[in-house]
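To keep things clear, I will list the structure first and then write my remarks on it.
The values are calculated or read from the model by the stated rules, or taken from the named source; none is laboratory data. Here the structure is a predicted model, which is why all the values come from computation and not from measurement. Glycine also receives a Cβ, built like all others from the backbone with ideal geometry; neighbour counts cover every protein chain displayed. With ligands, DNA and RNA removed, areas are computed over all heavy atoms of the protein, side chains included. Shrake-Rupley method; radii C 1.70, N 1.55, O 1.52, S 1.80 Å.
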Amino acid sequence: MKLYSFFITILLPTLAWAQSSSLPFTIEIEPVIAGPLPGLHSFAFAQSGSKWLFVGGRTNGLHGFSTNDNFDVQYANNDIVVIDTATWSYYTSPLTPLPLSVADPLRSTNMQYGRMGDYLYMVGGFGWDSLTNNYVTFQTVTAIHIDNMINAVMTSTSIVPHIRQIADTNFRVCGGEMTCANGECFIFFGHDFSGRYSDPPIPTFIQIYTNKIKRFTISDDGINLSIANYSSLEDTNHFHRRDLNVGPVIFPGGAQGWYAYSGVFRKDVDLPFTWPIRFDAAAGATVDSSFNQLMNNYTCPMVPLFDSVSETMYTVFFGGFSLYNYNPSSGQLTLDSLIPFVSDISVLVHDAAGLWTQVPLQLQMPGLQGGNMKFIPVSTIPAYPNEVVRLRELSGRMLAGYLVGGIVSPVANDPVQTWANDTVYRVFLTPDQNMLAFSHPLAEGTVDVFPNPATDRLTVRAHSGGKVFIQVYNAQGKRILSENHNGRQDAIFNLEGFPAGIYFVTIHTQENSIQRRFTIVK
């Protein structure tokens, strides 16, 4: 066991919360004044009180793209790491006392993991297998008693009694996402990857996407560990994803479920998927082709919030990699097919009518980071059982949680220069009580403008029984379109002749005048 404790100031500014006025909350990010803490990414995680437990992952930056520089064994995390947030001290215990067959899966990257009761369960992961002398995706299921492991690491006692493993070929997967609720677990997508990571024309690996959502229960009496009730849902087109985000949601009416967001790579081209997928245990999966997610397309931190009155979900995405890069000074979204590192923070808004909007914020991450970073909520934030924040119960400015780990890059498109983040950031939420004072968004006089971002057309839907007058302006305030229209009917505007950028639409109804901002992307 090693104990480290530091109290030095991180020389980074506290970031302001300026962002779109269309959101009923604001966000702040600030670095924790403590460190340096271990630099890690792509790890498995659990928390108990003030203590965080980390297993696996990488200590360097993004993998390389040649046979000489990919997932070098020396950069695999060889320690169980515990951070005590009460003192910002950290403790480590090496995996070396374990047999190689047990330790190697625990050193792997991009395991799927979830918590059930007192245990952290980890499955799969990619890494070096000392027994076969090759890089593999492991078929291991590991159970770790969270509190016992934390205590062992902190007191420098043996970690061996707190680790149990079984093998199951159904769990030879990495790069997917695992969630557990109501006694069941689900693994969304991922792939089975073996060999060295390299580019063609001479590939030295085998890659097989699972194309599945896997469903199962874990039977565990503290001694015997087994998997039961295994089944899967397959879609060889839409489920062909990895390195994605899967976030908890509250559906209109109060039911709980998940959305799978973006991920890579499409079968026809090396670009991210943009259609989200709704999933709940009863109804299964539904692909929503009505919306294209253009930002934050790779695994990154998420903060989900739900407004119980308007029945609107807000999901905040922090940095990572994006198909489109946002410039907060100009308001421009720029396509980059290389899927660069970004500092962009955006909010996906999904309202009770099923309409989506992605709102880029003026607030940016402190540098090009967020990829494979983790958001860790605090227990004091009001939340549903699935950790969705109860927006209406926020009492002023509140600490929502922390941003931990991840990959940092000095430039947008150079993986060679990257490193693992060793700074922890606090995330604060403040509700906008004036905006929350409005009732249901479909009330008389309200307006929906979609899609946002738009490409070739824009729909304006005014919930008003009378005449409405609609005007569209560019960023310089010049009116470019206008139309008198009957309320409760969609007004559709052709945008094909207009350049990419920020625009505004003003809608005058019998009840009021409303302005909405939208973005055109090409």
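One table, with the values for the structure above:
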{"read-out": "Of all residues in region 179-192 being within 17 Å of ASP243 (Cα to Cα) and open to solvent by 10 Å² or more (accessible area, probe 1.4 Å), the one that is nearest to the chain's Cα centre (by Cα)", "value": "THR179"}
{"read-out": "Flag if ASN170 is in a helix (DSSP H, G or I), without any contact (Cβ under 8 Å) to a residue 60 or more places away in the chain and surrounded by 15 or more Cβ atoms within 10 Å (Cβ to Cβ)", "value": "no"}
{"read-out": "Residue within region 281-290 that is under 14 Å from the mean Cα position of the chain (by Cα) and polar (S, T, N, Q) present", "value": "no"}
{"read-out": "Condition met for ALA181 (closer than 21 Å to ASP84 by Cβ and either among the acidic types (Asp, Glu) or touching a residue at least 40 places away in the same chain (Cβ under 8 Å) (or both))", "value": "no"}
{"read-out": "Selection from region 211-223 of residues that are in a loop (DSSP other than H, G, I, E, B) and either among the aliphatic types (A, V, I, L, M) or buried (at least 18 other Cβ atoms within 10 Å of the Cβ) (or both)", "value": "ASN211, ILE223"}
{"read-out": "Residue among ILE208, ILE202 that is among the hydrophobic types (A, V, I, L, M, F, W, C), loosely packed, with under 15 Cβ neighbours inside 10 Å and touching a His at 6+ places or on another chain (Cβ under 9 Å)", "value": "ILE208"}
{"read-out": "Test: residue in region 470-486 that is in contact with a Lys or Arg (Cβ under 7 Å, 6 or more places away or on another chain), in a strand (DSSP E or B), within 19 Å of PHE291 (Cβ to Cβ) and modelled with pLDDT of 85 or more", "value": "no"}
{"read-out": "Test result for LEU98, part of a loop (DSSP other than H, G, I, E, B) and modelled with pLDDT under 95", "value": "no"}
{"read-out": "Condition broken by LEU244, with the remaining ones in (1) among the aliphatic types (A, V, I, L, M); (2) under 23 Å from VAL359 (Cβ atoms); (3) open to solvent by 20 Å² or more (accessible area, probe 1.4 Å) satisfied", "value": "(3)"}
{"read-out": "Cβ-Cβ under 7 Å pairs, at least 6 apart or on other chains, region 42-54 side over 20 Å from GLY190 (Cβ atoms), far side of a type in the set (Asp, Glu)", "value": "SER48/ASP147; SER50/ASP84; LYS51/ASP84"}
{"read-out": "Region 105-140, residues that are part of a strand (DSSP E or B) and among the aliphatic types (A, V, I, L, M)", "value": "MET116, LEU120, MET122, VAL123, VAL136"}
{"read-out": "THR87 being more than 30 Å from SER329 (Cα to Cα), modelled with pLDDT under 95 and not charged (D, E, K, R)", "value": "yes"}
{"read-out": "Single residue of SER395, SER464 found to be part of a loop (DSSP other than H, G, I, E, B) and open to solvent by 20 Å² or more (accessible area, probe 1.4 Å)", "value": "SER395"}
{"read-out": "Yes/no for SER48 being open to solvent by 20 Å² or more (accessible area, probe 1.4 Å), at pLDDT 80 or above and of a type in the set (Ser, Thr, Tyr)", "value": "yes"}
{"read-out": "GLY247, sole failed condition from (1) part of a loop (DSSP other than H, G, I, E, B); (2) touching a residue at least 60 places away in the same chain (Cβ under 8 Å); (3) among the small types (Gly, Ala, Ser)", "value": "(1)"}
